[in-house]
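The values are calculated or read from the model by the stated rules, or taken from the named source; none is laboratory data. Owing to the predicted nature of the structure, the values given are computational and were not obtained by experimental measurement. Note: ideal-geometry Cβ built from the backbone for every residue, glycine included; neighbour counts use all protein chains shown. Accessible surface areas use protein heavy atoms only, side chains included; no ligands, DNA or RNA. Shrake-Rupley method; radii C 1.70, N 1.55, O 1.52, S 1.80 Å.
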Amino acid sequence: MCETHDHQHFEAAGKYPEFEECVTFHGHSCPGLATGYRAAIAAMQALGVARPYDEELVTVAETDACGVDAIQLVTGCTAGKGNLIINDYGKHVFSFYAREKGKGVRILIRNREMPEKAEMDGLRKKVFAGDATEDEKNRFYELMAAATESLLMIPQDEMLTVVEIAYNPPQKARIFATVTCPDCGEPVADAKMQTVDGKTVCIPCSRASRQ
(Lines give C-alpha, C1' and ligand atoms only; values in the text may rest on other atoms or scores of the structure.)
Protein backbone atom coordinates (compact mmCIF):
# COMPACT_ATOMS: atom_id res chain seq x y z
CA MET A 1 0.00 0.00 0.00
CA CYS A 2 1.17 3.48 -0.83
CA GLU A 3 2.05 5.67 2.14
CA THR A 4 2.38 9.43 2.39
CA HIS A 5 4.54 10.46 5.27
CA ASP A 6 3.85 14.07 5.96
CA HIS A 7 1.38 16.90 5.71
CA GLN A 8 3.62 18.92 3.38
CA HIS A 9 3.63 16.09 0.85
CA PHE A 10 -0.17 15.96 0.93
CA GLU A 11 -0.36 19.63 0.02
CA ALA A 12 2.34 19.41 -2.65
CA ALA A 13 0.57 16.51 -4.36
CA GLY A 14 -2.41 18.70 -5.21
CA LYS A 15 -4.77 15.70 -5.23
CA TYR A 16 -6.50 16.34 -1.94
CA PRO A 17 -8.00 19.32 -0.13
CA GLU A 18 -5.57 21.03 2.21
CA PHE A 19 -6.14 20.55 5.92
CA GLU A 20 -7.07 24.23 6.24
CA GLU A 21 -10.09 23.58 4.01
CA CYS A 22 -11.24 20.94 6.49
CA VAL A 23 -10.80 23.46 9.30
CA THR A 24 -13.00 25.96 7.46
CA PHE A 25 -15.64 23.29 6.85
CA HIS A 26 -15.56 21.97 10.42
CA GLY A 27 -15.23 25.28 12.22
CA HIS A 28 -12.03 24.73 14.19
CA SER A 29 -8.72 22.88 14.10
CA CYS A 30 -8.25 19.94 16.47
CA PRO A 31 -6.49 16.57 16.75
CA GLY A 32 -9.69 14.69 15.90
CA LEU A 33 -10.04 16.55 12.62
CA ALA A 34 -6.41 15.78 11.81
CA THR A 35 -6.90 12.05 12.38
CA GLY A 36 -9.88 12.00 10.03
CA TYR A 37 -7.88 13.90 7.42
CA ARG A 38 -5.00 11.44 7.57
CA ALA A 39 -7.35 8.43 7.56
CA ALA A 40 -9.23 9.67 4.50
CA ILE A 41 -6.09 10.27 2.49
CA ALA A 42 -4.58 6.93 3.55
CA ALA A 43 -7.75 5.14 2.45
CA MET A 44 -7.87 6.79 -0.95
CA GLN A 45 -4.21 5.98 -1.53
CA ALA A 46 -4.63 2.37 -0.42
CA LEU A 47 -7.67 1.92 -2.68
CA GLY A 48 -6.13 3.85 -5.57
CA VAL A 49 -9.12 6.14 -6.01
CA ALA A 50 -9.77 9.84 -6.45
CA ARG A 51 -12.59 11.86 -4.87
CA PRO A 52 -15.72 10.34 -6.45
CA TYR A 53 -18.49 12.14 -8.25
CA ASP A 54 -21.27 10.18 -6.59
CA GLU A 55 -21.42 6.93 -4.56
CA GLU A 56 -18.35 5.19 -5.98
CA LEU A 57 -16.65 5.39 -2.57
CA VAL A 58 -18.39 4.45 0.70
CA THR A 59 -17.29 5.18 4.27
CA VAL A 60 -18.48 3.43 7.41
CA ALA A 61 -17.40 5.39 10.49
CA GLU A 62 -17.41 3.86 13.97
CA THR A 63 -17.54 7.29 15.62
CA ASP A 64 -19.43 10.54 15.11
CA ALA A 65 -16.49 12.67 16.27
CA CYS A 66 -14.67 15.54 14.54
CA GLY A 67 -12.70 13.38 12.12
CA VAL A 68 -15.86 12.49 10.22
CA ASP A 69 -16.05 16.05 8.87
CA ALA A 70 -12.57 15.78 7.35
CA ILE A 71 -13.54 12.44 5.81
CA GLN A 72 -16.61 14.03 4.21
CA LEU A 73 -14.58 16.82 2.66
CA VAL A 74 -11.68 14.69 1.45
CA THR A 75 -13.57 11.63 0.20
CA GLY A 76 -16.88 13.15 -0.87
CA CYS A 77 -18.74 10.57 1.23
CA THR A 78 -21.72 12.29 2.85
CA ALA A 79 -24.83 11.33 4.77
CA GLY A 80 -26.99 13.10 2.19
CA LYS A 81 -25.70 10.89 -0.63
CA GLY A 82 -26.03 7.80 1.50
CA ASN A 83 -22.37 6.81 1.16
CA LEU A 84 -21.42 7.84 4.70
CA ILE A 85 -22.73 5.46 7.35
CA ILE A 86 -22.12 6.24 11.02
CA ASN A 87 -22.24 3.37 13.50
CA ASP A 88 -21.26 5.18 16.66
CA TYR A 89 -19.32 2.57 18.62
CA GLY A 90 -17.04 5.21 20.11
CA LYS A 91 -14.06 3.87 18.13
CA HIS A 92 -11.77 5.89 15.87
CA VAL A 93 -12.07 3.27 13.14
CA PHE A 94 -13.18 3.83 9.56
CA SER A 95 -13.90 1.36 6.75
CA PHE A 96 -13.79 2.49 3.13
CA TYR A 97 -15.14 0.63 0.10
CA ALA A 98 -14.40 1.39 -3.56
CA ARG A 99 -17.38 0.08 -5.52
CA GLU A 100 -15.75 0.21 -8.95
CA LYS A 101 -12.67 -1.71 -7.76
CA GLY A 102 -14.42 -4.14 -5.45
CA LYS A 103 -11.94 -3.37 -2.67
CA GLY A 104 -12.17 -2.31 0.95
CA VAL A 105 -9.82 -1.13 3.69
CA ARG A 106 -10.28 -0.62 7.42
CA ILE A 107 -8.28 2.08 9.16
CA LEU A 108 -7.63 2.19 12.89
CA ILE A 109 -6.28 5.33 14.57
CA ARG A 110 -3.61 4.08 16.95
CA ASN A 111 -3.22 5.28 20.50
CA ARG A 112 -0.05 7.35 20.82
CA GLU A 113 1.87 8.35 23.90
CA MET A 114 1.40 12.08 24.41
CA PRO A 115 3.34 13.56 27.34
CA GLU A 116 0.94 16.52 27.49
CA LYS A 117 -2.26 14.43 27.34
CA ALA A 118 -2.99 14.54 31.07
CA GLU A 119 -2.48 18.29 31.17
CA MET A 120 -4.61 18.81 28.06
CA ASP A 121 -7.44 16.61 29.38
CA GLY A 122 -7.48 18.48 32.68
CA LEU A 123 -7.57 21.84 30.96
CA ARG A 124 -10.28 20.69 28.54
CA LYS A 125 -12.66 20.06 31.43
CA LYS A 126 -12.06 23.52 32.82
CA VAL A 127 -12.31 25.25 29.43
CA PHE A 128 -15.60 23.60 28.47
CA ALA A 129 -17.03 24.08 31.93
CA GLY A 130 -16.26 27.79 31.68
CA ASP A 131 -13.97 27.67 34.72
CA ALA A 132 -10.61 28.23 32.98
CA THR A 133 -8.56 31.38 33.37
CA GLU A 134 -7.26 33.19 30.28
CA ASP A 135 -3.83 31.67 30.83
CA GLU A 136 -5.36 28.20 31.10
CA LYS A 137 -7.37 28.74 27.92
CA ASN A 138 -4.29 29.89 26.05
CA ARG A 139 -2.32 26.91 27.30
CA PHE A 140 -5.09 24.50 26.30
CA TYR A 141 -5.31 25.81 22.76
CA GLU A 142 -1.53 25.87 22.51
CA LEU A 143 -1.43 22.17 23.43
CA MET A 144 -4.27 21.39 21.00
CA ALA A 145 -2.45 23.14 18.16
CA ALA A 146 0.79 21.27 18.88
CA ALA A 147 -1.02 17.91 19.02
CA THR A 148 -2.81 18.65 15.76
CA GLU A 149 0.40 19.62 13.97
CA SER A 150 2.10 16.49 15.25
CA LEU A 151 -0.68 14.30 13.84
CA LEU A 152 -0.36 15.99 10.46
CA MET A 153 3.38 15.42 10.31
CA ILE A 154 4.15 12.00 11.76
CA PRO A 155 4.73 8.98 9.48
CA GLN A 156 1.55 7.19 8.56
CA ASP A 157 2.63 3.85 9.99
CA GLU A 158 3.12 5.44 13.42
CA MET A 159 -0.42 6.75 13.44
CA LEU A 160 -2.66 4.41 11.42
CA THR A 161 -3.19 0.72 10.93
CA VAL A 162 -4.47 0.07 7.40
CA VAL A 163 -5.72 -3.41 6.52
CA GLU A 164 -7.55 -4.75 3.51
CA ILE A 165 -10.98 -6.19 4.30
CA ALA A 166 -13.58 -8.24 2.46
CA TYR A 167 -15.59 -6.20 0.00
CA ASN A 168 -18.97 -5.93 1.69
CA PRO A 169 -20.21 -2.34 1.39
CA PRO A 170 -23.63 -1.08 2.50
CA GLN A 171 -26.31 -1.03 -0.17
CA LYS A 172 -26.58 2.02 -2.38
CA ALA A 173 -28.88 4.79 -1.21
CA ARG A 174 -32.53 4.15 -2.03
CA ILE A 175 -34.94 6.64 -3.56
CA PHE A 176 -38.26 6.67 -1.70
CA ALA A 177 -41.69 7.76 -2.82
CA THR A 178 -43.27 10.60 -0.84
CA VAL A 179 -46.64 10.07 0.82
CA THR A 180 -48.71 12.16 3.22
CA CYS A 181 -49.15 11.22 6.85
CA PRO A 182 -52.92 11.10 7.55
CA ASP A 183 -52.46 12.42 11.10
CA CYS A 184 -50.13 15.43 10.75
CA GLY A 185 -50.61 16.02 7.03
CA GLU A 186 -46.87 16.30 6.43
CA PRO A 187 -45.00 14.63 3.51
CA VAL A 188 -42.82 11.65 4.46
CA ALA A 189 -40.78 8.93 2.71
CA ASP A 190 -43.01 5.90 2.27
CA ALA A 191 -40.43 3.49 3.70
CA LYS A 192 -40.40 5.43 6.99
CA MET A 193 -44.14 5.06 7.63
CA GLN A 194 -45.21 2.96 10.63
CA THR A 195 -48.41 0.94 11.07
CA VAL A 196 -50.10 1.37 14.45
CA ASP A 197 -53.48 -0.22 15.19
CA GLY A 198 -54.05 -0.76 11.48
CA LYS A 199 -53.27 2.86 10.57
CA THR A 200 -50.11 3.88 8.65
CA VAL A 201 -48.58 7.11 9.90
CA CYS A 202 -45.19 8.86 10.16
CA ILE A 203 -42.76 7.97 12.96
CA PRO A 204 -43.50 10.97 15.24
CA CYS A 205 -47.25 10.36 14.95
CA SER A 206 -46.78 6.65 15.62
CA ARG A 207 -44.89 7.50 18.80
CA ALA A 208 -47.55 10.00 19.86
CA SER A 209 -50.29 7.42 19.40
CA ARG A 210 -48.46 4.98 21.70
CA GLN A 211 -48.24 7.45 24.58
Residue count, the range 50-91, condition touching a residue at least 40 places away in the same chain (Cβ under 8 Å) and more than 21 Å from Glu20 (Cα to Cα), comes to 9
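Give Tyr89, Tyr97 a once-over and let me know the one that is within 20 Å of Asn168 (Cα to Cα), surrounded by fewer than 18 Cβ atoms within 10 Å (Cβ to Cβ) and modelled with pLDDT of 95 or more.
Tyr89
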Name the single residue that is surrounded by the fewest Cβ atoms within 10 Å (Cβ to Cβ) among those in the range 100-110 being touching a residue at least 60 places away in the same chain (Cβ under 8 Å) and either out of contact with any helix residue (DSSP H, G or I) (no Cβ under 7 Å at 6 or more places or on another chain) or under 12 Å from Ala61 (Cβ atoms) (or both). Gly102
With the structure loaded, tell me whether Ala146 is open to solvent by 70 Å² or more (accessible area, probe 1.4 Å), over 21 Å from Gln45 (Cα atoms), in a helix (DSSP H, G or I) and modelled with pLDDT under 95 or whether it fails that test. no
Looking at the range 44-64, which of its residues are surrounded by fewer than 18 Cβ atoms within 10 Å (Cβ to Cβ), small (Gly, Ala, Ser) and farther than 15 Å from Val162 by Cβ? Ala50
Among the residues of the range 126-139, is there at least one that is out of contact with any helix residue (DSSP H, G or I) (no Cβ under 7 Å at 6 or more places or on another chain), open to solvent by less than 60 Å² (accessible area, probe 1.4 Å) and either under 25 Å from Pro155 (Cα atoms) or of a type outside the set (Gly, Ala, Ser) (or both)? no
If Met114 satisfies every condition in (1) within 30 Å of Ala46 (Cα to Cα); (2) more than 20 Å from the chain's Cα centre (by Cα); (3) at pLDDT 90 or above but one, which is the exception? (3)
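Those residues that are assigned to a loop (DSSP other than H, G, I, E, B), open to solvent by 60 Å² or more (accessible area, probe 1.4 Å) and within 26 Å of Ser95 (Cα to Cα), I need them from the range 161-211; list them, please.
Just the residues of the range 161-211 that are assigned to a loop (DSSP other than H, G, I, E, B), to begin with: 166-177, 181-186, 193, 197-198, 202, 211.
Right, trim to open to solvent by 60 Å² or more (accessible area, probe 1.4 Å) and you get 166-168, 171-172, 174-176, 182-183, 186, 197-198, 211.
Hits for the range 161-211 are Ala166, Tyr167, Asn168, Gln171, Lys172, Arg174, Ile175.
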